[in-house]
Amino acid sequence: MAELRFVINDSKSGKSYQKALETEDFDSKKIGETVKGDFLGLEGYELQITGGSDYAGFPMRKDIEGTGRKRALLKKGVGFKKVTRNGIRKRKTVCGNTITNKTVQVNLKVTKEGSKKLEETFAKKEEEKPAEQ
């Protein structure tokens, strides 16, 4: 079973929340697909897969088909830093758009909200301070 780190972005508040789970439900899902948020404890939420990265940190690109890494000639977008000169293209290593067991991070975007707020679900638990003697 692979452990995935899910990063959920709430575009209304501009905040992101992280949660790590061991699951194999995401194998063979692609960027752009919509999933229900029940597996994260988000009843009523619908989440869209927007990207991710593999165990070595290479980003996933929507326009690269497949599961493995590819050396693509890029001029803009995910995995490419903007260059000051026009017309520059570089060959960069990126991952395909399908989630596999080598994927460690999946980025999600909220498309439909549920009854409970994300802040309530992912609230940081206050650490108890030791009693002073």
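The values are calculated or read from the model by the stated rules, or taken from the named source; none is laboratory data. Remember, predicted model here, so these are calculated numbers, not experimental data. Don't worry about glycine lacking a Cβ; one is built from the backbone with ideal geometry, like all the others, and counts go over all protein chains shown. Note: areas computed on protein heavy atoms with side chains; ligands, DNA, RNA excluded. Shrake-Rupley method; radii C 1.70, N 1.55, O 1.52, S 1.80 Å.
Scanning segment 56-74 for residues that are loosely packed, with under 12 Cβ neighbours inside 10 Å, part of a loop (DSSP other than H, G, I, E, B) and of a type outside the set (Gly, Ala, Ser) yields one hit, GLU65. Among the residues of segment 1-11, those identified as in a loop (DSSP other than H, G, I, E, B) and either open to solvent by less than 60 Å² (accessible area, probe 1.4 Å) or touching a residue at least 40 places away in the same chain (Cβ under 8 Å) (or both) are ALA2, SER11. Among the residues making up segment 35-50, those that are in contact with a Ser or Thr (Cβ under 7 Å, 6 or more places away or on another chain), farther than 17 Å from GLU22 by Cα and either open to solvent by less than 10 Å² (accessible area, probe 1.4 Å) or in a strand (DSSP E or B) (or both) are GLU46, LEU47, GLN48. Beta carbons closer than 9 Å, at least 6 apart along the sequence or on distinct chains, pair a first residue in segment 22-36 that is among the hydrophobic types (A, V, I, L, M, F, W, C) with a second that is in a strand (DSSP E or B) and open to solvent by 60 Å² or more (accessible area, probe 1.4 Å) for ILE31/THR50. You will find that of GLY32, GLY114, the residue that is over 21 Å from GLU3 (Cβ atoms), open to solvent by less than 60 Å² (accessible area, probe 1.4 Å) and within 13 Å of the chain's Cα centre (by Cα) is GLY32 and no other. Out of the residues in segment 75-104 that are open to solvent by less than 40 Å² (accessible area, probe 1.4 Å) and among the polar types (S, T, N, Q), state the one that is nearest to the chain's Cα centre (by Cα). Filtering segment 75-104 for residues that are open to solvent by less than 40 Å² (accessible area, probe 1.4 Å) and among the polar types (S, T, N, Q), the one nearest to the chain's Cα centre (by Cα) comes out as THR103.
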